[in-house]
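The values are calculated or read from the model by the stated rules, or taken from the named source; none is laboratory data. Keep in mind that this is a model prediction, so the values were computed, not measured. All Cβ positions, even for glycine, are placed from backbone atoms using ideal geometry, and neighbour counts span all protein chains on display. Calculation scope for accessible area: heavy atoms of the full protein, side chains included, ligands and nucleic acids excluded. Shrake-Rupley method; radii C 1.70, N 1.55, O 1.52, S 1.80 Å.
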Amino acid sequence: MALARTFHVGRSELNLALPLMRQVATGLRVNVALSIADDLSMIYLDTFRESRGPLRREIAAGKRLSMATSSAGHSYIGSLRGPPQRDLLARLAKASGQKWPEHQAAIKKSLTMLARYGYCHSTSLGLEGIACTLVGPDGITYAVSLSVSTGDLDGGKMVSHFVPVLHKLVADIQAVWSEYEQSGARN
């Protein structure tokens with residue numbers, strides 16, 4: 001949690017994304033998160049938990065999620081190219097041990113989805129999640145994810161119903177961050 005709070009200090013542009021995330025979460029009763037990569041994990045910088053699932057209150061800012069199993073992690077892996085991606089995958093393989101073939105198959109599927117459709121989908125911790133990345137005004141790659149309890153929707157409905165919402169949310173965040181940069185607020 002301390003890392004998430006520390007990361008916010010000096011990055012007022014992140015606060016511009018929060019009302020947009022909250023609006024989606026409360027309006028659609030889904031979970032929405034903004035996260036960054038840290039070693040082999042994704043760390044939630046902020047999250048709004050409105051889905052009815054059992055993990056609703058257990059996941060908060062600062063929570064670490066496995067990059068190998070989360071949609072946010074898969075989207076981050078997909079944002080990398082060449083040696084950085086290969087190096088990260090090798091580190092994940094080593095850390096995953098015997099579970100690597102399963103993780104590798106899921107990551108490969110996500111990378112294909114990202115290349116074709118601009119998002120990835122995964123099931124982890126009782127949640128159906130979709131995610132994609134964007135680059136912030138600070139040059140850091142962020143993952144934006146939406147999730148619901150696996151009992152709320154099947155994967156097909158998750159994708160067809162919420163992918164347009166995810167893409168719009170990312171476009172809206174990019175727009176407010178562009179306005180922020182153009183206004184000179186970063187200086």
- [ ] In nm, give the distance between the simple-model label positions of Arg64 and Asp87, each being 7 Å from the Cα along the Cα-to-Cβ direction.
- [x] 2.0
TODO: Taking H placed 1.01 Å from N in the peptide plane, check which residues at least 5 places from Thr150 or on another chain put their amide H under 5 Å from its amide H.
DONE: Leu127, Glu128
Open item on the list: Quick check on the range 65-170: take the gyration tensor over C-alpha atoms, sort the square-rooted eigenvalues as a ≥ b ≥ c, and tell me if it's rounded (a/c under 1.5), prolate or oblate.
Closed with: oblate
Open item on the list: Can you give me the distance in nm between label points at Ser160 and Leu28, each placed 7 Å from the Cα along the Cα-to-Cβ direction?
Closed with: 1.5
- [ ] Obtain the nm distance between the two label points defined at Thr123 and Asp138 by a simple spin-label model: each point lies 7 Å from its Cα along the Cα-to-C-beta direction.
- [x] 3.5
TODO: Any chance you could look up the accessible area of Asp87 with a 1.4 Å probe, heavy atoms only, rounded to 10 Å²?
DONE: 90
